[in-house]
Amino acid sequence: MKPRHFIQRIIDEDNVTGKFDNRVHTRFPPEPNGYLHIGHAKAIYLNFSIADEFGGKCNLRFDDTNPTAEEEEFVRSIKEDVKWLGYDWEDRLCFASDYFQQMYDYAVELVKRGHAYVCDLTSEEIKNTRGTLTKPGQDSPFRNRSIEESMDLFERMKAGEFSDGSRTLRAKIDMGHPNMNMRDPVVYRILHADHHRTKDQWCIYPMYDWAHGLEDSIEGITHSLCSLEFEDHRPIYDWYLDTLETYHPQQIEFARLNLNYTIMSKRKLKKLVDNKHVSGWDDPRMPTLSGLRRRGFTPAAIRNFMEEIGVAKRDNVMEMTKLESTLREDLNKRCERRMGILNPLKIVITNYPEGKEEFLEAVNNPENEKAGRRKVPFGRELYIEHNDFMEDPPKKFFRLAPGREIRLRYAYFITCNDVVKDVDNNIVELKCTYDPDTKGGNAPDGRKVKATIHWVSAAHAIDAEVRKYDRLFQVPSPGSMENFMDALNPDSLNILENCKLEPELKQAEIGVPIQFERLGYFCKDIDSGDTPIFNRTVPLRDTWGKIEKQMQSGKNK
RNA sequence: UGGGGUGUCGUCUAAUGGUAGGACACCAGGUUCUGGCCCUGGCAGUCGGGGUUCGAGUCCCUGCACCCCAGCCA
């Protein structure tokens, strides 16, 4: 039985004590200021799966309290990504901006109770009087202004009488508090900016700490899950709700997801987009959900990954290989197999009649018999993968070589007789013979071959472009570098333009993952025109590649 | 050197006073019409030092390391 993580245990306990009347109601609260990445997927997964597990609900809530950063486009993409991941917020699409009036009313209440005041200090002055980590701050000279005066000023802030930054509403807590967040935090700031939803209705906007707890409270959230850096905001979350004597959800912090060889910062991802190091937010090399989707990741693979990595409070950096492993596991089960040649090498079957063609039966998915079979055309001229042939093979190479017999997958045994080269001594073609008795791939005399390679018929193949992706960064932790751009992998994208695919692939649909036998998982890209473009989602595990590397590093020979 | 957190195989994550387990990675082998999948085996960990206890990853004391916080961002 899968052990329960610390959040599940907290909820178990709450359900024993009846703390929230045995309700469980979570929320995923993104700010619509950028695209979602796989780090967000952990939060989405956590919130929705916990709600599901406990028979509760999970809201999708846009924390849109800063009009200068937020856009409708991000709202659209976030909804799309959450849906794609497989989650349904039903009728609970929420916006912080829908609560602006209530938040304002609560703020009025805070002033009236003597717990907040309008402060005329500039942002620079507030900064200078906040103190430091080790030294207490100083009280604002406006701290003890009368409730009436603060009320008057706050109303006029709302009415638009004052310029941006000229005044703030601040909570009256303790300028000497060891937790910086409790040193009279700003509750409202003046921002004469159009909001993507409320337009010019407001010119004062609530700060995160004020807004977030109220949003949770208004929506009746029970367990407010957030990442570790908000741990020392919990006292202010609690203080606001306690002071207001209103419904009080419980904030619980967990460690966000980090992945090696990539970055998870919206700011940095934006820089990659702005500086054109990637084609956009949905570039298949990006850790964004839109990028992973385009790359060919399945929602199930991402969900399984989140399930497997667990939830805890210690900082962590997951290995990309773990994500890839989960991906392959899902893809292996669901993908139909096809044959495609990325780096074609022509071969001629000299004893195969010219003009003849036949159709050989191939299994669509050995992991799923229901996927059925298909016919693959065969002819005298074929393409095989260039690196499936070696003129002078090392001992451990058991693919095609001069004089050697191997199997063409689902077709015939062939033997290589001649190597044709151009003036520069490049191998351009192979002359082979086939054994007609081995049709389908087995020899009646029971003889074996050491290798089976894939192929396509030259006469029937379709042309395609294939984009191979590698890790975006060359170092495990680009995010911790002084300049993360220096670590960009110059070979993260490798475009192959002369690929030959079996004709069945004409039917490929955009985004549907397919295994190209012996190569990896691919899916047709939205950039496709007359000639299709396929993204390599992830290569198959490559034992031969490992052996090759070992030989190169001199360990073997 | 203020406050808040966190330390278990290389990486994640279990064990809640009773054999330190699982996954990924790595290594070795088996199987195979994908050098894929699958199967078998191996490697490898409790931050340090004291203490309590028959017994400590877990409890106590004491060090150490790492992360977060000084936006009118979230």
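Residue count for segment A:531-548 under the criterion of being more than 16 Å from RNA strand B (Cβ to nearest atom) and out of contact with any Cys (no Cβ under 8 Å at 6 or more places or on another chain): the result is 3. Does any residue of segment A:262-269 turn out to be at pLDDT 95 or above, open to solvent by less than 10 Å² (accessible area, probe 1.4 Å) and either within 10 Å of RNA strand B (Cβ to nearest atom) or outside any loop (DSSP other than H, G, I, E, B) (or both)? Yes, there is a match, as at least one residue in segment A:262-269 is at pLDDT 95 or above, open to solvent by less than 10 Å² (accessible area, probe 1.4 Å) and either within 10 Å of RNA strand B (Cβ to nearest atom) or outside any loop (DSSP other than H, G, I, E, B) (or both). The C-beta contact set for segment A:216-234 (first residue in the same structural domain as A:K19 (by TED's automatic domain parsing) and without any contact (Cβ under 8 Å) to a residue 24 or more places away in the chain, second residue more than 12 Å from RNA strand B (Cβ to nearest atom) and open to solvent by less than 30 Å² (accessible area, probe 1.4 Å), distance under 7 angstrom, 6+ apart or interchain) is empty.
Does segment A:322-337 include one or more residues that are farther than 30 Å from A:K42 by Cα and surrounded by 15 or more Cβ atoms within 10 Å (Cβ to Cβ)? First the steps, then the outcome.
Residues of segment A:322-337 that are farther than 30 Å from A:K42 by Cα, as a first pass: A:337.
Filter again for surrounded by 15 or more Cβ atoms within 10 Å (Cβ to Cβ), leaving A:337.
Taking every residue of segment A:322-337 in turn, at least one turns out to be farther than 30 Å from A:K42 by Cα and surrounded by 15 or more Cβ atoms within 10 Å (Cβ to Cβ).
A:F48 falls short of the stated requirement of being within 22 Å of A:F254 (Cα to Cα), at pLDDT 95 or above and assigned to a loop (DSSP other than H, G, I, E, B). Restricting attention to segment A:84-109, which residues are within 16 Å of RNA strand B (Cβ to nearest atom), more than 23 Å from A:A51 (Cβ to Cβ) and among the hydrophobic types (A, V, I, L, M, F, W, C)? Within segment A:84-109, A:F100, A:M103, A:A107 qualify.
The set of residues from segment A:23-72 being free of Cβ contacts under 8 Å to residues at least 60 places away in the same chain, among the small types (G, A, S) and within 14 Å of RNA strand B (Cβ to nearest atom) comprises just one member, A:A69.
Scan segment A:211-261 for residues that are of a type in the set (A, V, I, L, M) and more than 28 Å from the chain's Cα centre (by Cα) and report the count.
Within segment A:211-261, the subset of a type in the set (A, V, I, L, M) is A:211, A:214, A:218, A:221, A:225, A:228, A:236, A:241, A:244, A:252, A:255, A:257, A:259.
Subsequent filtering for residues that are more than 28 Å from the chain's Cα centre (by Cα) retains A:214, A:218, A:236, A:241, A:244.
So the answer is 5.
Of all the residues in segment A:469-519, those that are more than 15 Å from RNA strand B (Cβ to nearest atom), open to solvent by 70 Å² or more (accessible area, probe 1.4 Å), under 23 Å from the mean Cα position of the chain (by Cα) and polar (S, T, N, Q) number 1.
Counting only strands (runs of 3 or more DSSP E) that sit completely within segment A:304-364, those holding 2 or more residues that are more than 36 Å from the chain's Cα centre (by Cα) correspond to A:344-349, A:358-363.
The values are calculated or read from the model by the stated rules, or taken from the named source; none is laboratory data. Bear in mind the structure is a predicted one, so any value in this text is a computation, not a measurement. Neighbour counts run over all protein chains shown; Cβ positions are idealised from the backbone, glycine included. In case anyone asks, the SASA skips ligands and DNA or RNA and just uses the protein heavy atoms, side chains included. Shrake-Rupley method; radii C 1.70, N 1.55, O 1.52, S 1.80 Å.
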